[in-house]
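Taking it in order: structure first as structure tokens, then the write-up.
The values are calculated or read from the model by the stated rules, or taken from the named source; none is laboratory data. No experiment lies behind these values; they were computed from the predicted model shown. Cβ placement follows ideal geometry from the backbone for every residue including glycine, while neighbour counts extend to all protein chains displayed. Protein only, heavy atoms only, side chains kept; ligands, DNA and RNA dropped before computing areas. Shrake-Rupley method; radii C 1.70, N 1.55, O 1.52, S 1.80 Å.
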Amino acid sequence: MHRSQSVLTKDEVMVIMANALLNNHVNSINSLKENVKQVLRKRGIIGPVSESRGGGTVHYDRRISNEDALLINECVYDLLYGRVITPGMDEANLDLPWIHVSNVKKLRTYL
């Protein structure tokens with residue numbers, strides 16, 4: 001099976017996530033993933049596309065590649081297993097997908 005290249009590097013994804021977490025120490029995994037997707041949208045890699053085809057215009061939504069989605073997931077788990085983030089944001093939400101920054105010093109090493 002051929003695997004295509006990710007659009008982003010692992011270092012880029014970690015910087016995006018680290019900045020998001022520094023701005024909001026209590027977060028969710030989905031929010032972290034969305035921060036990376038927002039960068040891909042700004043670069044025109046994913047999101048709405050309009051193309052001229054056969055005298056007409058076709059509109060569709062370009063989705064994130066499997067490779068980039070898996071890379072984002074890998075980075076989330078690196079942060080979890082590195083004890084940079086920890087599951088939970090408050091007493092009522094102690095489990096994933098809710099997270100909080102548990103080590104700001106380690107988090108800053110990704111910038």
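Looking only at segment 16-56, residues that are touching a residue at least 60 places away in the same chain (Cβ under 8 Å), in a strand (DSSP E or B) and open to solvent by 40 Å² or more (accessible area, probe 1.4 Å) come to 1 in all. Within segment 62-74, residues that are at pLDDT below 95 sit with their Cβ atoms under 9 Å from residues that are assigned to a strand (DSSP E or B) and surrounded by fewer than 13 Cβ atoms within 10 Å (Cβ to Cβ), at 6+ positions apart or across chains, in these pairs: Arg62/Pro48; Arg62/Val49. Checking every residue in segment 69-87 against the condition of being more than 22 Å from Val15 (Cα to Cα), out of contact with any helix residue (DSSP H, G or I) (no Cβ under 7 Å at 6 or more places or on another chain) and either in a loop (DSSP other than H, G, I, E, B) or hydroxyl-bearing (Ser, Thr, Tyr) (or both) gives zero matches. Being open to solvent by less than 50 Å² (accessible area, probe 1.4 Å) and on the phi > 0 side of the Ramachandran plot is the filter here; which residues of segment 69-105 pass it? Of everything in segment 69-105, just one residue is open to solvent by less than 50 Å² (accessible area, probe 1.4 Å) and on the phi > 0 side of the Ramachandran plot, namely Gly88.
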